[in-house]
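The values are calculated or read from the model by the stated rules, or taken from the named source; none is laboratory data. Computed from a prediction, not measured in an experiment: that's the story for all the values here. Using ideal geometry, Cβ is built from the backbone for each residue, glycine included, and neighbour counts are taken over all protein chains shown.
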Amino acid sequence: MILTDLRIIALKDWLENDLLLDISDFYPASSDASFRRYFRVVTPTASLIAMDAPPDKENCAPFIHVAGLMAAAGVKVPQIYQQNLQDGFLLLEDFGLYCLLDQLNAGTVANLYGNALDSLFKLQANTSIHNSGLPSYDLALLVRELSIFTEWFIQQHLGQSLPEQLWQSVCDTLTASALEQPLSCVHRDFHSRNLMVLAADTSPGVIDFQDAVIGPITYDLVSLLRDCYIAWPPALVGSFRDNYHQRLLAAHLLDCDAEQFRRWFDLMGMQRHLKAVGIFSRLHWRDGKSHYLNDIPRTLNYIVQVCTFYPELTEFGGYLQQQVLPSLD
């Protein structure tokens, strides 16, 4: 810990002098790709999580709002014990040390993903798309996210330029597919690092949900099944996808055949993965978080794979294989 970190000093002052906590230990719990930081606060009777979200860079209000929505839907999210919105501090329930990624393997994937998909279904089935107060995953947001790929990966990271007409065709294909899907509540980062394994509950603890929107119904499903941090055999992914499709059909949350659902799933995943590659590059160049570069090859592989499924993406797939992948060697 850097003693000159004024926010840590202010955070500890709030915990000890305003909340009167008797702190026996205090140390970093995790950080994410934003400016938020999390600290584990240990007292003689409990372990808690303190969130530090600098008000000039982050906003705690969406976190609080979405936590309420998800809890009402039956999703396990951390309780918010105390809040200090002026300084950007929250005191939260501690979900422990282990996320899904820590415990996923061939022997655990069926059970852990089954529980995660149960939570996702609760979120989608029990959250109103009309009265949630969440922003829409609209065309402007989709296009803005896709631009992160060209700006930070193609241009900044590789020093290349992507043919404008080719890129516009890709964007048109992906955004059209996203916008024709049925709507649901979308976590936007529903993956193995944001799902915590809880000692006393089979349902995962869901975190990092503050950017939730109302958007395409396949978004969170493909975030989980084609995770940027761990890859599974296509047959296994297909089995999970098809079973979840049947579950959505039975609940009347959509009405489409398996081929249409697969296309939505594939193209939604490609949009997400293009954005993720751009974000990983931005985290390296702008924020000095270079370890995310290790996840780019896996994420690009998903994109190249999807390009082989659809003729309208063949040219883009060729560009990636001929111009982009060799630049990573």
>> Return the residues of segment 243-271 that are of a type in the set (S, T, N, Q) and either outside the structural domain of ILE148 (by TED's automatic domain parsing) or crowded, with 18+ Cβ neighbours inside 10 Å (or both); say none if nothing qualifies.
In response: GLN271
> For segment 18-118, which fully contained strands (runs of 3 or more DSSP E) count at least 2 residues that are under 20 Å from MET196 (Cβ atoms) and of a type outside the set (A, V, I, L, M, F, W, C)?
Replying inline: 25-31, 37-42, 47-52
>> Anything in segment 65-95 that is under 24 Å from LEU21 (Cα atoms), surrounded by 14 or more Cβ atoms within 10 Å (Cβ to Cβ) and without any contact (Cβ under 8 Å) to a residue 24 or more places away in the chain? List them, or say none.
In response: ILE80, GLN83
> Could you list, in sequence order, the residues of segment 272-329 that are β-branched (Val, Ile, Thr), surrounded by fewer than 14 Cβ atoms within 10 Å (Cβ to Cβ) and either assigned to a helix (DSSP H, G or I) or touching a strand residue (DSSP E or B) at 6+ places or on another chain (Cβ under 6 Å) (or both)?
Replying inline: THR314
> Quick check: anything in segment 212-219 crowded, with 24+ Cβ neighbours inside 10 Å, in a helix (DSSP H, G or I), in contact with a Cys (Cβ under 7 Å, 6 or more places away or on another chain) and of a type in the set (A, V, I, L, M, F, W, C)?
Replying inline: no
> Is it true that THR150 is closer than 30 Å to HIS252 by Cα, part of a helix (DSSP H, G or I) and of a type in the set (Val, Ile, Thr)?
Replying inline: no
> Looking at this structure, is ASP13 over 30 Å from HIS284 (Cβ atoms), free of Cβ contacts under 8 Å to residues at least 40 places away in the same chain and assigned to a loop (DSSP other than H, G, I, E, B)?
Replying inline: no
>> If I ask for residues that are part of a helix (DSSP H, G or I) and farther than 13 Å from PHE121 by Cα, which ones from segment 241-256 would you list?
In response: ASP242
> Quick check: is even one residue across segment 194-206 outside the structural domain of GLU58 (by TED's automatic domain parsing), part of a loop (DSSP other than H, G, I, E, B) and closer than 20 Å to LEU283 by Cβ?
Replying inline: yes
> Hey, does segment 125-146 have a residue that's modelled with pLDDT of 95 or more, touching an Asp or Glu at 6+ places or on another chain (Cβ under 7 Å) and buried (at least 16 other Cβ atoms within 10 Å of the Cβ)?
Replying inline: no
> Does segment 153-175 hold any residues that are hydroxyl-bearing (Ser, Thr, Tyr) and either assigned to a helix (DSSP H, G or I) or farther than 16 Å from GLY318 by Cα (or both), and which are they?
Replying inline: SER169, THR173, THR175
